[in-house]
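The values are calculated or read from the model by the stated rules, or taken from the named source; none is laboratory data. Just so it is clear, the model here is predicted, and its values are computed rather than measured. Neighbour counts are summed over all protein chains in view; Cβ atoms, including those assigned to glycine, are modelled from backbone coordinates with ideal geometry. Remember, those area values only see protein heavy atoms, side chains included, never the ligands or the DNA or RNA. Shrake-Rupley method; radii C 1.70, N 1.55, O 1.52, S 1.80 Å.
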Amino acid sequence: MNKRWPVSRLAAGFCICFWQGNLWSETNLELFSPSAVPVGGTFKINNVPTPPTGFKSTAKMYRDGRRTDKDPIVDFPSITLPTDSIELGNYQIVVQLDKGSYTGEIRVRPPGTEEITLNKLDPDHTYTVDTIWIVPAGPAKSGAPTTPLRVVSLTLRGVGFIKDTPEDNTIWINGVRQNIRWDDYATVCTSKALSADGAVPWGIRGLVVNSEEIDLCHVPVPEARVLAVRAGYGDKQSDSQTFTIYWLGTAKVALMAFGITAMLAGLIFLLISIGKPTYQIAGDNYKWSLLFLDQQTDTYSLSKLQFYLWTLAAIFT
């Protein structure tokens, strides 16, 4: 026998389901304060009804949709993160109170600091590109060939870099989070990698010198020769700083500019030398001096000399 439900009850049930669905799917970014706390830190939940005495409030912790192994401890209105080592970054916290569930976001930050700041790179360019040799990935066969890779080194300066646990530092290059190796910088970042006999495994190496400096080596040179670098922890990123790799050094550029300028000047003199003299003063023919003569006064012109010099300077530059 089919049971018929009153329309009012169906409508109420739909409203309840819809309300609960929105409650779980929407994250209130202002629910918790402060919004960034260290591992084991405490924050508070705001603007929610106080549960009755004796009610045991609970909380669950999620990262990228997956629940973490340990849950926060709720002592309303305070909530304490697990003291175990957890990855830095953004987490969704779902708090269960007597009136329902509340979802907010917390950023787990390094102890002692809230933000990592990356200063403008100095220098912000280089003319030097090294070619290192890379050993094949995985279990290489005997005699497998090594491959060359063009790389540069970077020095990052800023505030808040994490020295005690370097792996908590995150580096983005051109929008891609890099898998930095922090454990073998001293042994891999040497001149031996410049030869095939000293080939090294692929990967960027990093060294946290102190809280204000990170050294990176074996950073691959992209096709566009521009690196947009960000530093941070977890999901938190600093402002982007640009590093440019020029494919010609200053000496080569200067030599090329000098050659082009000399070639253009030589072309002009060649055209004059194969031509016939077209100007005479007191019976004397003038060929080379014609470029500098003022035909109205039959004297050398300083303005013409300045014009030629400035033209050559502009072409050279």
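Summary of computed values
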read-out	value
Largest to smallest accessible area among Trp172, Trp133, Trp202 [probe 1.4 Å]	Trp202, Trp133, Trp172
Virtual spin-label span in nm between Ala254 and Ile272, 7 Å along Cα→Cβ	2.8 nm
Set Lys60/Lys236; Lys120/Lys236; Lys192/Lys252; Lys163/Lys192; Lys252/Lys304; Lys99/Lys236 screened for pairs whose C-alpha atoms are more than 29 Å apart	Lys252/Lys304; Lys99/Lys236
Net length gained if the chain between Ala313 and Lys56 were fully extended (0.36 nm per residue, minus Cα distance)	84.4 nm
Estimated distance in nm for a label pair at Thr155 and Arg66, the labels positioned 7 Å out from Cα along Cα-to-Cβ	3.9 nm
